[in-house]
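Only one structure is covered here, and it is reproduced in the block below.
The values are calculated or read from the model by the stated rules, or taken from the named source; none is laboratory data. Source: prediction; values computed, not measured. Every residue, glycine as well, gets a Cβ built from its backbone with ideal geometry; the counts of neighbours run over all protein chains shown.
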Amino acid sequence: MAARMAGPGQSSCWVCNAQVDAEDNYCRNCGAQLVRMQTRHARADEYSNPRMVVGVFLVGVGGILGILSYLMGIVPMSAFGLASFLIGIMILYLQDSSTATEAIAVDSSVSSFLNIENLLRELDLDEKGIYIPVTGFGVSPKVFIPLALTPATKKPPPGLSHSRRIFVTVGTNPEDRGVLLEAPGNRILSAIEGSLGYDLSKAPEGSLLTDLDSAFKAIGVAKVTSLEHEDSELNVELVMTALVDFESKLRNLAPRFSTHVGTPVASALAASISKATASYASITDATLDVHNKKMHVRLKLSK
């Protein structure tokens, strides 16, 4: 499962032979995973996982202790060694099972995002999606992608949050139209509010960084390490603890969707901030450092 070199900075997919860039982790044509030298770093990270280390330690120590105790005829120590060995096996099994389950869930949801990617391409929509502020516990902002930026499309009416249409008109001119989508991170936003126990639109002023960091940690997705205001922009940095491969795969397979609407984690962040600040929000930039598991998101806000 490796990519074949096709030129400086480029290679070809091992499945469909399509050209791929050096930074791609997945083929943009068929979606196959591209395994390069970075795999060594991934394996190193895997073996540095505390849960994996504990499992290997218990298997090794339990096996050695059990065998020696059996040969020496010490029954209690043999039982202890066997118990340690079995617990270690269980820890390693649960680790592998969790990873496999996450991979299946990721692959199952990719197709829905690819459908949105194809829709955006067919309509040739190039404007950034606008998250419409809402209120209500568990209610997520919707994303409006304008056909063109006009006074009407810059601030779509809040009532669109209750609409179930995909193609909507927000003004009187022909260009005052766009596509209305559910936020890709709406489920994460619901989990965030469930963790906090209140509607983000009613969050205490000045507690946004603390709230987001606490909630993202609680649901096991990320740590929010910084949140800085710059005029009408907001810069947020996260250290990812889950969904790194999923985020990376979507960026490769659905670049327009990732850029104009946002991947699930970036979308959840934009939706949370839009709701908490009662502002229209657009993701102007979202970069992912896969090796260091860091994401930097820049948002443009307007009241």
* Structure fact -> Picked from region 188-201 (must be part of a helix (DSSP H, G or I) and in contact (Cβ under 8 Å) with a residue 40 or more places away in the chain), the residue farthest from residue 128 (Cα to Cα) is 194
* Residues in region 269-298 that are touching an Asp or Glu at 6+ places or on another chain (Cβ under 6 Å) and of a type outside the set (D, E, K, R): how many? -> 2
* Asked: Out of (1) assigned to a helix (DSSP H, G or I); (2) surrounded by fewer than 22 Cβ atoms within 10 Å (Cβ to Cβ), the odd one out for residue 271 is which?
  -> (2)
* Asked: Residue check, residue 127 against (1) within 30 Å of the chain's Cα centre (by Cα); (2) part of a helix (DSSP H, G or I); (3) at pLDDT 75 or above, all met but one. Which one?
  -> (2)
* Asked: From the residues in region 140-180 that are of a type in the set (A, V, I, L, M, F, W, C) and touching a residue at least 40 places away in the same chain (Cβ under 8 Å), which one is surrounded by the fewest Cβ atoms within 10 Å (Cβ to Cβ)?
  -> 179
* Asked: Does residue 290 qualify as being touching a strand residue (DSSP E or B) at 6+ places or on another chain (Cβ under 8 Å), farther than 19 Å from residue 116 by Cβ and at pLDDT below 95?
  -> no
* Does region 206-228 contain any residue that is in a strand (DSSP E or B), within 25 Å of residue 145 (Cβ to Cβ) and not polar (S, T, N, Q)? -> no
* Structure fact -> Going through region 252-268 in order, the residues found to be more than 10 Å from the chain's Cα centre (by Cα) and in a helix (DSSP H, G or I) are 252, 253, 255, 256, 257, 258, 259, 260
* Structure fact -> How many residues of region 225-258 are at pLDDT 90 or above, exposed (fewer than 14 other Cβ atoms within 10 Å of the Cβ) and of a type in the set (Gly, Ala, Ser)? The answer is 1
* What number goes with the only condition from (1) of a type in the set (S, T, N, Q); (2) surrounded by 17 or more Cβ atoms within 10 Å (Cβ to Cβ); (3) in a helix (DSSP H, G or I) that residue 282 does not pass? -> (3)
